[in-house]
Amino acid sequence: MAVEEKIPSIKELLSGYDKSNLVIATICSHSSLQIFNGARKEGFKTLGIGIEDRIKFYDAFPLGKPDEFFLVDNYKDIPKYVEELREKNVIIIPHGSFVEYLGAENFLKLELPTFGNRRVLMWESDRDLERKWLEGAGLDMPKQIKDPKDIDRPVIVKYHGAKGGKGFFIAKTYEEFEKLVDWSKPFTIQEFVMGTRYYLHYFYSPIINEGYRLKKGSLQLLSMDRRDETTIDELQRIGSISELEEIGIHPTFVVTGNIPIVMRESLLPEVFRMGEKVVEKSIELFGGIIGPFCLETVITEDLKFKVFEISARIVAGTNPYISGSPYSDLIQPDLSTGRRIAQEIKYAQKHDLLEEILS
Ligand code: AMP
């Protein structure tokens with residue numbers, strides 16, 4: 001079935017909703033403390049979809065705790081409860097773990113109004129489509145090596161759909177690749193780009209026309225982070241990678257946290273140029289990416305950006321900035337990505353534009 005036929009009509013999803021009484025809801029994980037905190041600051045009621053033995057820690061963070069919990073045994077069961085959730089007027093804020101826990105197919109079909117454009121899921125989760133989108137936008141991506149026999153430089157091997165860098169490995173030759181690869185899983189081989197990593201947190205609004213304007217709407221840069229990945233980011237504490245590889249210890253790329261960062265100001269024009277192109281291409285390809293998105297980049301020694309991935313929703317890298325970042329502080333004090341999402345919904349609610357930002 002074509003994607004378009006799976007996604008319910010937003011008009012129908014919103015019919016029967018009390019639009020003056022919307023509730024911001026998400027799964028209790030990933031960036032939910034920030035989402036609930038931001039919604040609360042904008043005056044919304046909040047609902048956390050959670051699993052009984054994983055929610056007690058919210059008691060420790062009263063300003064990040066949802067007003068109400070909706071308990072499920074398994075996140076995959078959420079589609080069974082859509083009627084109950086619709087009665088509560090919920091707007092779902094998808095985050096990285098939301099799609100992972102629910103499953104891509106269930107997410108596309110979910111009969112609840114969802115912030116952003118669900119069609120983006122196809123384009124970010126398929127590495128070939130993602131490349132078509134980003135290269136089509138004129139961004140420079142790491143070279144892809146189709147045949148492992150052609151490995152002639154350090155490469156990173158990524159398994160499709162692997163979350164949080166799990167199982168990824170580095171190889172410098174075909175022999176190394178062959179020793180480490182799991183042929184049973186589909187993978188992509190990318191040139192390993194040498195440089196420093198910056199994960200850029202943007203917000204695109206198709207309905208607010210102020211600040212950095214695009215052909216339609218406007219673009220903000222709210223913050224940036226660097227991911228902390230185990231074990232690659234700490235390996236040098238016990239020796240060089242090649243020493244360790246000799247004894248069979250290979251670096252891994254599993255994300256454990258996020259580190260705040262800012263970049264040289266002279267790089268900001270390029271940051272905005274890239275964000276703008278990505279949005280414009282998305283409008284052409286699938287009706288537009290809406291709300292928060294993140295470009296994962298490496299800056300090389302000649303100060304060029306290579307973009308190795310896009311995340312099309314709120315990323316956990318925004319979590320260090322619950323009370324604002326050095327960038328969002330220049331837009332409005334105390335502005336997190338979670339709060340910015342709530343503001344967008346509030347603006348759309350006031351101007352009767354909800355169908356423009358929800359799907
Ligand atoms: P990804 O799942 O594409 O976000 O990759 C997981 C991690 O692998 C990233 O956060 C980076 O640390 C690293 N990585 C991915 N692609 C590259 C690349 N082409 N060059 C260097 N490091 C990369």
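For region 64-139, a Kirkwood radius taken over Cα pairs fed into Stokes-Einstein (25 °C, viscosity 0.890 mPa s) yields D = 173 µm²/s. Per-residue Karplus couplings for region 118-132, computed as 6.51 cos²θ - 1.76 cosθ + 1.60 with θ equal to phi - 60°, are listed in order as 5, 4, 5, 4, 4, 7, 8, 8, 9, 4, 6, 5, 4, 5, 4 Hz, Gly and Pro entered as x. Rounded to the nearest Å, what's the spacing between the alpha carbon centres of region 129-192 and region 99-126? Just the number, please. Between the Cα centres of region 129-192 and region 99-126 lies a distance of 25 Å. Amide H to amide H, with H built 1.01 Å from N, F69 comes under 5 Å of G48, counting only residues 5 or more places away or on other chains. Put simply, the amide H of D228, placed in the peptide plane, has neighbours under 5 Å in T256, G257, N258, I259, leaving out anything fewer than 5 places away on its chain.
FRET efficiency for the E111 to H351 pair, using the beta carbon distance and R₀ = 22 Å, is estimated at 0.30. Taking K19, K146, K45 in turn, the Gaussian network model of the chain (Cα-Cα springs below 10 Å) assigns the largest fluctuation to K146. One equal scatterer on each Cα of the chain, no solvent, Debye formula: the resulting log10 I(q)/I(0) at q = 0.15 Å⁻¹ is -1.39. By DSSP, the beta bridges lying fully in the chain are antiparallel in about 75 percent of cases. If you line up the long axis of helix 32-41 against the longest principal axis of the chain, both from Cα atoms, how many degrees apart are they, to the nearest 10? Once rounded, one gets 40 degrees. Spatially, region 319-352 and region 46-71 are offset by 22 Å when compared through their Cα centroids. For region 48-184, the convex hull drawn through the C-alpha positions has a volume of 177 cubic angstrom per residue. For region 264-359, the tally of Lys pairs with Cα-Cα distances below 27 Å comes to 6, considering only residues 8 or more apart or on different chains. Among the GluC sites (Glu not before Pro) within region 247-308, those in coil by DSSP and having at most 14 neighbouring Cβ atoms inside 10 Å are E301. A Förster radius of 35 Å combined with the Cβ-Cβ distance from E246 to L268 puts the calculated FRET efficiency at roughly 0.25. Let a ≥ b ≥ c be the square roots of the eigenvalues of the Cα gyration tensor of region 122-235; is it rounded (a/c under 1.5), or, if not, prolate (a/b larger than b/c) or oblate? Prolate, since a/c reaches 1.5 and a/b exceeds b/c. Between I151, I91, I341, the Gaussian network model of the chain with springs among Cα atoms under 10 angstrom shows the greatest mean-square fluctuation at I151. Between E284 and R237, the simple label model (points 7 Å from Cα in the Cβ direction) yields a spacing of 4.7 nm. Per-residue Karplus couplings for region 269-278, computed as 6.51 cos²θ - 1.76 cosθ + 1.60 with θ equal to phi - 60°, are listed in order as x, 6, 4, 6, 4, 5, x, 4, 5, 5 Hz, Gly and Pro entered as x.
Extending 7 Å from the Cα toward the beta-carbon at both N74 and S125 defines two label points whose distance is 1.7 nm. Derived scalar couplings between HN and Hα for region 348-359 equal 5, 4, 5, 9, 6, 10, 4, 5, 7, 10, 10, 9 Hz in order, rounded to whole Hz, by the Karplus curve 6.51 cos²θ - 1.76 cosθ + 1.60 (θ = phi - 60°), x for Gly and Pro. Annotation: amide H-H contacts under 5 Å for S325 (H modelled 1.01 Å from N, sequence separation of 5 or more, or interchain): L335. Among T196, T26, T114, the largest mean-square fluctuation in a Gaussian network model of the chain, built with springs joining Cα atoms closer than 10 Å, belongs to T196. The value for region 1-123 of Rg(Cα) / (2.2 N^0.38 Å) is 1.02. Diagonalising the gyration tensor over the Cα atoms of region 243-359 and scaling each eigenvalue by 5 before taking the square root yields semi-axes of 31, 18, 17 Å, largest first.
Values in this text are rule-based calculations from the coordinates and carry no lab data. Computed from a predicted structure; not experimentally measured. No Cβ is skipped: glycine too gets one built from the backbone with ideal geometry, and neighbour counts run over all protein chains shown.
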